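Have a look at the structure below, then the notes.
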Amino acid sequence: MNDRRPSRVPVIPNEALVRGKFVSIKTRSNGGLDFDVLVDNAFDIPGYPNFARSYIGQTIRVSVQPGVQLQDTLRENDSIELRVAYRGDERGGQFSLIEDHICKL
């Protein structure tokens, strides 16, 4: 009998430059952050598939690793630009901030 669990298949590398409205932010127990963005547009990054494009007009949750500093001036409905990647496997996943790229427009 084989006790091995099935291996997970990670999402292919992907990236997008998202512009949208800042909705809300929450601190996770590990010190990281989750914030919600209403996506107005999602631009391609050359050489990568753009998974955010299918979320235009919707709100996405973006995970931010502990230690990343976000601008203290972000307020609800501010226009922002951020670089994200969808990370996960066939069981689910989430968008993550990459290269600490987020700015108020």
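Report yes if some residue within the stretch 31-38 is on the phi < 0 side of the Ramachandran plot, assigned to a loop (DSSP other than H, G, I, E, B) and modelled with pLDDT of 95 or more; otherwise report no. Spell out the reasoning first.
At the first step, the residues of the stretch 31-38 found to be on the phi < 0 side of the Ramachandran plot are 32-38.
When the remaining residues are screened for being assigned to a loop (DSSP other than H, G, I, E, B), the result is 32.
Going one step further and asking which of them are modelled with pLDDT of 95 or more, we end up with none.
No - not one qualifying residue is present in the stretch 31-38.
What single numbered condition from (1) surrounded by 10 or more Cβ atoms within 10 Å (Cβ to Cβ); (2) farther than 19 Å from Lys104 by Cβ fails to hold for Asn30?
(1)
Of (1) surrounded by 13 or more Cβ atoms within 10 Å (Cβ to Cβ); (2) over 14 Å from the mean Cα position of the chain (by Cα); (3) among the hydrophobic types (A, V, I, L, M, F, W, C), Ile25 satisfies all except one. Which?
Among (1) surrounded by 13 or more Cβ atoms within 10 Å (Cβ to Cβ); (2) over 14 Å from the mean Cα position of the chain (by Cα); (3) among the hydrophobic types (A, V, I, L, M, F, W, C), Ile25 violates only (2).
For the subset of the stretch 46-71 comprising residues that are outside any loop (DSSP other than H, G, I, E, B) and hydroxyl-bearing (Ser, Thr, Tyr), which member is surrounded by the fewest Cβ atoms within 10 Å (Cβ to Cβ)?
If we take residues in the stretch 46-71 being outside any loop (DSSP other than H, G, I, E, B) and hydroxyl-bearing (Ser, Thr, Tyr), then Ser54 is surrounded by the fewest Cβ atoms within 10 Å (Cβ to Cβ).
Which pairs have Cβ atoms under 7 Å, sit 6 or more apart or on different chains, and link a residue in the stretch 32-53 that is of a type in the set (Ser, Thr, Tyr) to one that is outside any strand (DSSP E or B)?
Tyr48/Pro13; Tyr48/Asn14; Tyr48/Glu15
May I ask you to list the residues in the stretch 39-67 that are farther than 13 Å from Gln94 by Cα and either aromatic (Phe, Trp, Tyr) or at pLDDT below 95 (or both)?
Within the stretch 39-67, the subset farther than 13 Å from Gln94 by Cα is 39-50, 53-54, 56-58, 66-67.
Selection gives Phe43, Tyr48, Pro66, Gly67.
The values are calculated or read from the model by the stated rules, or taken from the named source; none is laboratory data. Given the structure is predicted, the values throughout are model-derived calculations rather than measurements. Quick reminder, even Gly has a Cβ in these numbers, built from the backbone with ideal geometry, and neighbours come from all protein chains shown.
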